[in-house]
1. Taking only the range 19-33 into account, find how many residues are part of a strand (DSSP E or B), open to solvent by 50 Å² or more (accessible area, probe 1.4 Å) and in contact (Cβ under 8 Å) with a residue 40 or more places away in the chain.
2. Given the criteria open to solvent by less than 20 Å² (accessible area, probe 1.4 Å) and within 13 Å of Gly29 (Cβ to Cβ), does Val84 qualify?
3. Conditions first: (1) part of a strand (DSSP E or B); (2) open to solvent by less than 60 Å² (accessible area, probe 1.4 Å). Phe15 passes all but one, so which condition is the exception?
4. For the range 34-55, name all the residues that are open to solvent by less than 10 Å² (accessible area, probe 1.4 Å) and in contact with a helix residue (DSSP H, G or I) (Cβ under 7 Å, 6 or more places away or on another chain).
5. Picking from Arg146, Arg58, which residue would you name as being of a type in the set (Lys, Arg), under 12 Å from the mean Cα position of the chain (by Cα) and open to solvent by 30 Å² or more (accessible area, probe 1.4 Å)?
6. Checking Asp105 against (1) in contact with a strand residue (DSSP E or B) (Cβ under 6 Å, 6 or more places away or on another chain); (2) surrounded by 12 or more Cβ atoms within 10 Å (Cβ to Cβ), which single condition isn't satisfied?
7. Show the residue pairs meeting these rules: Cβ distance below 7 Å; 6+ apart or different chains; first residue within the range 77-88 and within 14 Å of Phe67 (Cβ to Cβ) and without any contact (Cβ under 8 Å) to a residue 24 or more places away in the chain; second residue β-branched (Val, Ile, Thr) and in a strand (DSSP E or B).
8. When both residues are 6+ apart or on different chains and their Cβ atoms are under 9 Å apart, which pairs have a first residue that lies in the range 42-58 and is more than 12 Å from Thr32 (Cβ to Cβ) and free of Cβ contacts under 8 Å to residues at least 12 places away in the same chain, and a second that is among the aliphatic types (A, V, I, L, M) and open to solvent by 10 Å² or more (accessible area, probe 1.4 Å)?
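The values are calculated or read from the model by the stated rules, or taken from the named source; none is laboratory data. In this text the structure is predicted, and so the values were computed from the model without any measurement. All Cβ positions, even for glycine, are placed from backbone atoms using ideal geometry, and neighbour counts span all protein chains on display. Calculation scope for accessible area: heavy atoms of the full protein, side chains included, ligands and nucleic acids excluded. Shrake-Rupley method; radii C 1.70, N 1.55, O 1.52, S 1.80 Å.
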Amino acid sequence: MREPTVTPTRVERFFAEENIIVSKTDLKGHITYANETFLTIAGYTEEEVLGQPHSIIRHPDMPRCVFKLLWDTLQSGEEIFAYVKNMAKNGDHYWVFAHVTPTFDHRGQIVAYHSNRRVPSREQVDLFTDLYRQLLEEERRHPDWRTGMEASSKMLFAMVRDKGMQYDEFVFSA
């Protein structure tokens, strides 16, 4: 598992457009499967990631409100699309356009989560870099992380609403 002392390098990694990063997690977000593309871009071995929280690749530039939205959406049984800046084991970063879905059993109960990630365009990366910077600044203005996350969530939804859209429309309009 990545040590908490890893510092972002500001070096961006890329993967080919035809490649798809795939991972699966249990209900608590622990990795149960990672494909070779995931392992290669993130710089981990399968042994290092299996059983670890998916947040092992969380980049500190990602606002908490995005992950709250992701988890709230998934736990409601819905799919979500999101732009995410991830961090490799050595501190390098890489951007993805993620499609995350709940996995259901035969009774309709959520039993796991599945994520496919593709290469986003540079225009999308630029747009979301700026948006996430604003959201993160809002989160950091508050001494309590929960209050900051609530404030940035309100800010995100206000931005989306001001465009006359729902979140999923906003993500695809970028």
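1. 2
2. In short, no.
3. So Phe15 meets the others, but not (1).
4. Ala34, Ala42, Val49
5. Arg58
6. (2)
7. none
8. From the range 42-58, the pairs are Thr45/Leu39.
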